[in-house]
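Structure first, commentary second.
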Amino acid sequence: MRTPLLLISLILASAVNAKDFLQSLPPQSTVLSGYESVDSIERRLSELPLCPIEGIWQMTDNDGATFAVERSESSTALAPTRLQMVMIRSPWRSIRPGTVIGHLVPTPKRGVYEARLYSDVARRSGLNIPRGFTLKLSDESDLMTIQPFRSPIKFNLLRLLPYMYRRIVTIQDSRPENLDGAVKIFPRQDSHPLTPIYL
């Protein structure tokens, strides 16, 4: 009887620790040293046992920002997979190499991570406005989709129209979900290259 209770208490403690770590992301971004050279980051990562999401990633949009995902210094034996996302190359000059983009932790679902990432770029202070996101890895762990949490509050503008016009006007977001994401560029992945290979 003690074993299930102990297991439940460990699970609850782990969930609390994960939430505390996500919420520990400060309101504005901080900058870490050691992210100026991609080669030095690759050397450092190559000497460590990496979990599937750890490595260097490049966004698939036109900006092509490059960032690292690696264990946070706050990782412990009880919480070994507290991870942080750190900028390496940014399309914005105000975001320097080493800028912490956010925190993430694994969920019980394989390849799914809960994250708290900065969602806005400030001119002087770098990144701010942390928001909740879901990060999902492909089966090969070489593609990552990034999706913001849905807001529980919805505002229907059609309610402001007279009743007879409500059925005529409809507003729909036609952009499919799961289009925002990144491709892993280190460790090297060949199954989904970022650019097409011409023969």
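Among the residues of the stretch 77-102 satisfying the criterion of being modelled with pLDDT of 90 or more and over 24 Å from residue 23 (Cα atoms), which is surrounded by the most Cβ atoms within 10 Å (Cβ to Cβ)? Quick ask: steps written out before the conclusion?
Looking only at the stretch 77-102, we keep the residues that are modelled with pLDDT of 90 or more, and these are 82-90, 95-102.
Pick out the ones that are also over 24 Å from residue 23 (Cα atoms) and you get 89-90.
On the way: 89: 15, 90: 21.
Per the criteria, the residue is 90.
Being charged (D, E, K, R) and over 20 Å from residue 23 (Cα atoms) is the filter here, so list the residues in the stretch 105-135 that pass it. Steps first, please.
Narrowing the stretch 105-135 to residues charged (D, E, K, R): 109-110, 114, 116, 120, 123-124, 131.
Within the stretch 105-135, 109, 110, 123, 124 meet the criteria.
With the condition being more than 14 Å from the chain's Cα centre (by Cα), I'd like the strands (runs of 3 or more DSSP E) fully within the stretch 95-150 carrying at least 1 qualifying residues. Talk me through it step by step, then tell me what you get.
Details: elements: 100-106, 112-122, 126-137, 143-148.
Because the criterion is at least 1 residues that are more than 14 Å from the chain's Cα centre (by Cα), the strands (runs of 3 or more DSSP E) in the stretch 95-150 that meet it are 112-122, 126-137.
Within the set of pairs 6 or more residues apart or between chains, which connect a residue that is over 20 Å from residue 106 (Cα atoms) inside the stretch 117-132 to a residue that is open to solvent by 70 Å² or more (accessible area, probe 1.4 Å) and not in a strand (DSSP E or B) with Cβ atoms less than 7 Å apart?
121/92; 128/27
Name every residue in the stretch 22-76 that is assigned to a strand (DSSP E or B) and open to solvent by less than 80 Å² (accessible area, probe 1.4 Å), in order of residue number. Reasoning before the result, please.
Step one: list which residues in the stretch 22-76 are assigned to a strand (DSSP E or B), which gives 28, 31, 55-59, 66-71.
Residues satisfying the conditions are 31, 55, 56, 57, 58, 59, 66, 67, 68, 69, 70.
Picking from 110, 131, 159, which residue would you name as being of a type in the set (Lys, Arg), open to solvent by 70 Å² or more (accessible area, probe 1.4 Å) and at pLDDT below 90?
Working: 110 fails: at pLDDT below 90; 131 fails: at pLDDT below 90.
None of the others qualify; the one that does is 159.
The values are calculated or read from the model by the stated rules, or taken from the named source; none is laboratory data. Just so it is clear, the model here is predicted, and its values are computed rather than measured. Quick reminder, even Gly has a Cβ in these numbers, built from the backbone with ideal geometry, and neighbours come from all protein chains shown. Remember, those area values only see protein heavy atoms, side chains included, never the ligands or the DNA or RNA. Shrake-Rupley method; radii C 1.70, N 1.55, O 1.52, S 1.80 Å.
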